[in-house]
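The values are calculated or read from the model by the stated rules, or taken from the named source; none is laboratory data. What you are looking at is a predicted structure, and each value in this text was computed from that prediction instead of being measured. Backbone-built Cβ (ideal geometry, glycine too); neighbour counts: all protein chains shown.
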């Protein structure tokens, strides 16, 4: 039986392959992703990223505004063949954010949804991330900690 995230990833992959040339560019603020040539530009300048980083960014862009789970990333990247540890996704996202960072603040459009996955939004340029995108803090009572 196929996992729901895998079904979504496969459906998105089919949609991407069947898109017309007029829809082959996804633009989010100053970030442009060309699906036909598999290239990424920030503020008009081309950014060099690896194939895995591109695939992650592409999946995030195709599902913009929705949380992409680790399982969906793993299925999209590896198609169930020789899957590495899921922690590799954190490394890819970190590198991708570093490559997208700069004066355009494009790196801020990739949000971490703690315990779930990642989300791509178009609120760049200093916009505040939603409260649910941050790691929750643990409230400690003064009595338990001797305070």
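Select from region 93-109 the residues that are within 18 Å of residue 73 (Cβ to Cβ) and either touching a residue at least 60 places away in the same chain (Cβ under 8 Å) or surrounded by 19 or more Cβ atoms within 10 Å (Cβ to Cβ) (or both) and list them in ascending order. Across region 93-109, the qualifying residues are 93, 96, 100, 109.
Name the single residue that is farthest from the chain's Cα centre (by Cα) among those in region 110-122 being touching a residue at least 40 places away in the same chain (Cβ under 8 Å) and farther than 12 Å from residue 61 by Cα.
Among those that are touching a residue at least 40 places away in the same chain (Cβ under 8 Å) and farther than 12 Å from residue 61 by Cα, it is 116.
Going by the structure shown, is residue 107 at pLDDT below 90 and at negative phi? Spelling it out, residue 107 is indeed at pLDDT below 90 and at negative phi. Scanning region 22-77 for residues that are in contact with a helix residue (DSSP H, G or I) (Cβ under 6 Å, 6 or more places away or on another chain), loosely packed, with under 15 Cβ neighbours inside 10 Å and not in a loop (DSSP other than H, G, I, E, B) yields a total of 0. Scanning region 1-27 for residues that are at pLDDT 85 or above and closer than 20 Å to residue 93 by Cβ returns a single hit, 26.
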